[in-house]
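Asks: Please read through the structure below; I'll follow up with questions.
What follows draws every value from the coordinates through simple rules; no lab data is involved. Values in this document were obtained by computation on a predicted structure and should not be read as measured data. Methodologically, a virtual Cβ is constructed for each residue, glycine included, from the backbone with ideal geometry; neighbour enumeration extends over all protein chains shown.
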Amino acid sequence: MSGDLRGADAGQTVTLQGWVHRRRDLGGLIFVDLRDRAGLVQVVIEPGSPAFAVGEQLRPEFIVTVSGSVRLRPEEQRTTRLETGDVEVLAEALSILSEAKTPPFVLNNPEAAAEVSEELRLKYRYLDLRRPEAAAPLMLRHRVSKAIWDFLDAEGFVQVETPLLTLSTPEGARDYVVPSRTQPGNFYALPQSPQLFKQLLMMGGLERYFQIARCFRDEDLRADRQPDFTQLDIELSFVEQDDILALNERLMQFVVKTALGRDIEVPFSRLSYDEALTRYGSDKPDVRFALELTDLSPVFSSTTFRGFASVLASGGSVRALPVSAEHAASLSRKRLGELETHAKTYGAQGLAWLRREGEGFSGPIAKFLADAEVQALAQHAPDEGDLLLIVAAKTRTACEALGAVRLRLAHELGLIPKGELAFLWVVDFPLLEHDEETGGYTYMHHPFTRPRDEDLPLLGSDPGKVRAWAYDLVLNGFEIGGGSLRIHKLETQLTMFRALGFSDDEARARFGFFLDALAYGAPPHGGVAWGLDRLIMLLAGAKSLREVIAFPKNQRGADPLTGAPGPLTQAQLAELSLQLATIPKTEEPA
Ligand code: ASP
């Protein structure tokens, strides 16, 4: 291929196909940078050559075939800018395979292309992909998938495809649904994950399953979400948590080595959910930098400051993010105000601050401090200028708000080292969390997660205290995977559904097929799923998921290329026995 030619190929006759990247006419000669998937090579067309007349017609993005001989460039014209920079091809025959309209944005200038709006690039994604920078993440993605297949195949895993037209799988999001034509009024759901099917495969005796699976979740879209996305889905029988974590570590090590040529250390460190929350204010902590939260509740146990006293009295806590003087110096009142606004979007009522000044502290709440409190606080802010950023709230809210402030500060202060891959496990998740809206409990992962045996009795009495055999895999502050050991006993599964507020009849109505399967005996099993798009985004150093997906949706969940989602004709609606309640106004095309 064009991009593969090197000095050693000099003297060879070659036939190349590719795209005209750039054409320059210079001193009577025509120079064409010919591009294919492997890169660029310079083609020279001399005036006497039979190729010259065609050469004069060439414009960017025309597709051509050219035959000629490879020769070394004169010494002074060699360039390291191109991998093929030592050689050029002297054209002898040239023909045009396809002409091309002028593209709506420049393809042969990476800086200019970076300025082009993403919407336009997605509308013409097939042009965008001609840019090597845009295609590179897809190549990486291929290498990652191949590494996954190779590794898991060697470990005895079987790849199985599970259905896309199915029933709802409870992963906590809304389903995408597909109407059935032949059974009017009935709908398939697209899978939020293959969860139930992979468990059924374990009950079917497959023992080791994997799939690079497409999943669908109808969620409010955020910057790092896609309505359809890809998981590496894995399930194994006869394993404990440690077996699964170790398998994942070895797999990740192999993937990173094969795809990027980099070594990573295993085992990954582990943090309990509680520790992640109290130290980093997040269940997916970014541990590439040191800032850590601390608990000031004991310091303020008899405070006269009403704001803190009332929170403590109602069971909340006072948490702080200590920031050293060196980093705190740039935090003016204005910046502190901005951080407070940020903390409030995470549920904090406010962000108090205290700055070490001489023996005491300055700041809006400094006047409320008793001597003993000043002394205790001094341990958390030992040096002149050290800063304490403080939130008083329910413990989880206080930690999460400070966790958000921590991340923002790290970005603003440039504390995050580039190029590092910081993997870690978060383990010991609670099984259930309290649902403020309904007053009941909901699952933290999904309703098939196995509770710790010793905590089972609490399911009836104090469900919030039950710990799960569940784990999340975190990379640089992103959750890139999660999984659990599963309930494999029918009775436990029914108890779990009851704790979630389902009667046995309701559970049977929704998951009867699954409960039946459990009744026929399930091996102890567990598994994991990786968010493959996100992992590849991080490995590629890409800024968004859209860069690592061939045909992504935009932030409104639409595909600017095909125009999906689109309306149905009256005839299609009638065939599906569907009637629209109201015809929504069609959105303005972007
Ligand atoms: N199905 C789960 C998910 O999509 C992963 C797992 O538990 O294996 O998050």
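Asks: Using the Kyte-Doolittle scale, which helices in the chain average at least -0.5 and also have C-alpha atoms spread 20 Å or more along the helix axis, with helices defined as whole DSSP H runs?
Replies: Span-like helices, by this rule, are 132-154, 241-260, 395-412.
Asks: Still on this model: Dividing the Cα convex hull volume of the range 288-398 by residue count, how many Å³ per residue is that? Walk me through the intermediate numbers first.
Replies: Numbers: hull volume 11.4 nm³, N = 111.
Output value, Cα hull per residue: 103 Å³.
Asks: Compute the Rg to Rh ratio over the range 396-497 from the alpha carbon atoms, using the Kirkwood formula for Rh, and round to two decimal places.
Replies: Numbers: Rg = 16.9 Å, Rh = 15.7 Å.
Expressed as Rg/Rh, it is 1.08.
Asks: Taking only C-alpha pairs under 8 Å that are 6+ residues apart, what is the relative contact order of the chain in percent? Walk me through the intermediate numbers first.
Replies: Numbers: 1107 pairs, mean separation 75.4, N = 590.
That works out to 13 percent.
Asks: If you take the square roots of the eigenvalues of the alpha-carbon gyration tensor of the range 365-416 and sort them as a ≥ b ≥ c, do you get rounded (a/c under 1.5), prolate (a/b over b/c) or oblate? It would help to have the intermediate numbers written out before the result.
Replies: On the way: a/c = 2.85, a/b = 1.40, b/c = 2.03.
Judged from the Cα gyration tensor, the range 365-416 comes out oblate (a/c at least 1.5, b/c at or above a/b).
Asks: Using a ≥ b ≥ c from the Cα gyration tensor of the range 312-371 (square roots of the eigenvalues), is it rounded, prolate or oblate, where a/c under 1.5 gives rounded and otherwise the larger of a/b and b/c decides, a/b for prolate?
Replies: Here the range 312-371 falls in the oblate category.
Asks: What does the highest-first list of 174-187, 383-396 look like by mean Cβ count within 10 Å? Don't jump to the answer; show the numbers that get you there.
Replies: Details: 174-187: 13.0, 383-396: 20.4.
Top to bottom by mean Cβ count within 10 Å: 383-396, 174-187.
Asks: Would you mind giving the average projected area, over all directions, of the Cα convex hull of the range 459-532 in nm² with one decimal?
Replies: Numbers: hull surface 25.4 nm².
Mean orientational projected area (the range 459-532, Cα hull): 6.4 nm².
Asks: Sort SER362, SER145 by Cβ crowding within 10 Å, fewest neighbours at the top.
Replies: Values: SER362 12, SER145 17.
Lowest to highest Cβ neighbour count: SER362, SER145.
Asks: If the reach is capped at under 26 angstrom between alpha carbons, list the lysines near LYS553, excluding any in the same chain fewer than eight residues apart.
Replies: LYS101, LYS123, LYS146, LYS284, LYS543, LYS585
Asks: If the viscosity is 0.890 mPa s and the temperature 25 °C, what Stokes-Einstein diffusion coefficient in µm²/s follows for the range 427-472 when Rh is the Kirkwood radius over Cα pairs? The partial results should precede the final answer.
Replies: Values: Rh = 10.6 Å.
Using the Kirkwood radius from Cα pairs, D works out to 233 µm²/s.
Asks: Taking the Cα centre of the chain as origin, sum charge times position over the Cβ atoms of Lys and Arg (+1) and Asp and Glu (-1), and report the length of that vector in debye to the nearest 20. Mind dumping the intermediate values first?
Replies: On the way: 64 positive and 82 negative charges, 208 e Å.
So the magnitude is around 1000 debye.
Asks: Please report, in whole Å, how far the alpha carbons of the chain spread along each principal axis, starting with the longest.
Replies: Result, largest extent first: 94, 72, 53 Å.
Asks: What whole-number volume per residue, in cubic angstrom, does the convex hull of the C-alpha atoms of the range 156-231 give?
Replies: Values: hull volume 8.0 nm³, N = 76.
With only Cα atoms used, the range 156-231 gives 105 Å³ per residue.
Asks: Give me D for the range 153-298 in µm² s⁻¹, whole number, from Stokes-Einstein with Rh from the Kirkwood sum over alpha-carbon pairs, 37 °C and 0.692 mPa s. Working shown, then result.
Replies: Values: Rh = 18.6 Å.
Rounded, D is 177 µm²/s.
Asks: Full-extension gain between GLU433 and ARG181, please, as 0.36 nm times their residue separation minus the C-alpha to C-alpha distance.
Replies: Numbers: separation 252, 0.36 × 252 = 90.72 nm, distance 3.90 nm.
The span from GLU433 to ARG181 would gain 86.8 nm if fully extended.
Asks: A further question follows. Using only alpha carbon positions, build the gyration tensor of the range 509-590, then give the equivalent ellipsoid semi-axes as the square roots of 5 times its eigenvalues, largest first, whole angstrom.
Replies: Semi-axes from the Cα gyration tensor: 35, 30, 9 Å.
Asks: Another question, if that's okay. Rank these for me by crowding, ILE536, ILE365, ILE148, going from fewest to most other beta carbons within 10 Å.
Replies: Numbers: ILE536 27, ILE365 16, ILE148 24.
Going from least to most buried by this count: ILE365, ILE148, ILE536.
Asks: Continuing with the same structure: About the Cα centre, and with charges only on the beta carbon of Lys, Arg (+1) and Asp, Glu (-1), how big is the dipole of the range 201-242? Nearest 20 debye, please. Mind showing how you got there, number by number?
Replies: Numbers: 5 positive and 10 negative charges, 35 e Å.
About 160 debye.
Asks: For LYS334, which lysines qualify as cross-link partners when the Cα separation must be under 16 Å and same-chain residues fewer than eight apart are set aside?
Replies: LYS344
Asks: Another question, if that's okay. Per residue and in cubic angstrom, what volume does the convex hull of the Cα atoms of the range 123-172 have? Could the numbers behind the result be given before it?
Replies: Working: hull volume 8.4 nm³, N = 50.
Hull volume normalised by residue count: 168 Å³.
Asks: Would you mind checking which residues have amide H under 5 Å from TYR188's amide H? H placed 1.01 Å from N; only 5 or more apart, or other chain.
Replies: Those lying under 5 Å, H to H, from TYR188 are VAL178, SER180.
Asks: Still on this structure, I have one more. Can you give the Rg to Rh ratio of the range 1-58, both from alpha-carbon atoms, with Rh computed by the Kirkwood formula? Each step should come with its number before you reach the end.
Replies: Values: Rg = 11.6 Å, Rh = 12.0 Å.
Answer for the range 1-58: 0.96.
Asks: What list of ³J(HN,Hα) couplings, whole Hz, do you get for the range 93-105 from phi and the Karplus terms 6.51, -1.76, 1.60, once you set θ to phi - 60° and write x for glycine and proline?
Replies: Rounded to whole hertz, the list is 9, 8, 9, 8, 8, 8, 7, 9, 5, 5, x, x, 8.
Asks: Here's a follow-up. Treat the count of other C-beta atoms within 10 Å as a stand-in for reagent exposure and order ARG208, ARG81, ARG406, ARG335 from fewest to most. Intermediate values should be presented prior to the final figure.
Replies: On the way: ARG208 19, ARG81 8, ARG406 25, ARG335 12.
By the 10 Å Cβ count, ascending: ARG81, ARG335, ARG208, ARG406.
Asks: May I ask for the Rg/Rh ratio of the range 1-99, computed from Cα atoms with Rh as the Kirkwood radius, given to two decimals? Could you put the intermediate results ahead of the total?
Replies: On the way: Rg = 12.0 Å, Rh = 13.0 Å.
Ratio value, two decimals: 0.92.
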